[in-house]
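These notes concern the structure reproduced below.
The values are calculated or read from the model by the stated rules, or taken from the named source; none is laboratory data. Every value quoted in this text rests on a predicted model; they were computed, and no experiment measured them. Here the Cβ positions follow ideal geometry from the backbone for every residue, glycine too, while neighbour counts run over all protein chains shown.
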């Protein structure tokens, strides 16, 4: 269990915070609810409940880890480019370093991890 997961299991507010953070990041990046459902491994109906506050991410399921990665990608991208319009453009543009478009890559677990690692490495250079 990662340190972040251990801390979250001790904090009863963690599910609320991460659930809201994931929804806000998706809205700011203009990620569709259907794509967010795919990224998190949840149904579209569950994503609708997440946005309305009727559902919170479960710390004991894979959706938690995917949500942490998604928010990490958003935060890294935001720190590199500084504005949402540029972040959205980056997500939708062909990227030679990733050999694809990040918006397509994040649809799979491997792709999401690659995008996060790429952004983390890029952020280290800034």
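Evaluating residue 80 against the criteria (1) in a helix (DSSP H, G or I); (2) farther than 24 Å from residue 121 by Cα leaves one unmet condition, (2). For residue 63, the test of being over 11 Å from the mean Cα position of the chain (by Cα) and closer than 17 Å to residue 107 by Cβ is failed.
Picking from 50, 57, 69, which residue would you name as being modelled with pLDDT of 95 or more, outside any helix (DSSP H, G or I) and either crowded, with 17+ Cβ neighbours inside 10 Å or over 17 Å from the mean Cα position of the chain (by Cα) (or both)? The unique qualifying residue is 57.
Identify all residues within segment 111-126 that are in a helix (DSSP H, G or I) and over 13 Å from the mean Cα position of the chain (by Cα); write none if there are none. 118, 120, 121, 122, 123, 124, 125 - these are the residues of segment 111-126 that are in a helix (DSSP H, G or I) and over 13 Å from the mean Cα position of the chain (by Cα). For residue 107, the conditions (1) under 16 Å from residue 22 (Cα atoms); (2) within 17 Å of the chain's Cα centre (by Cα); (3) assigned to a helix (DSSP H, G or I) are fulfilled apart from (3). Taken over segment 76-94, the criterion of being surrounded by fewer than 15 Cβ atoms within 10 Å (Cβ to Cβ) and either within 18 Å of residue 36 (Cβ to Cβ) or touching a residue at least 12 places away in the same chain (Cβ under 8 Å) (or both) is satisfied by 79, 92.
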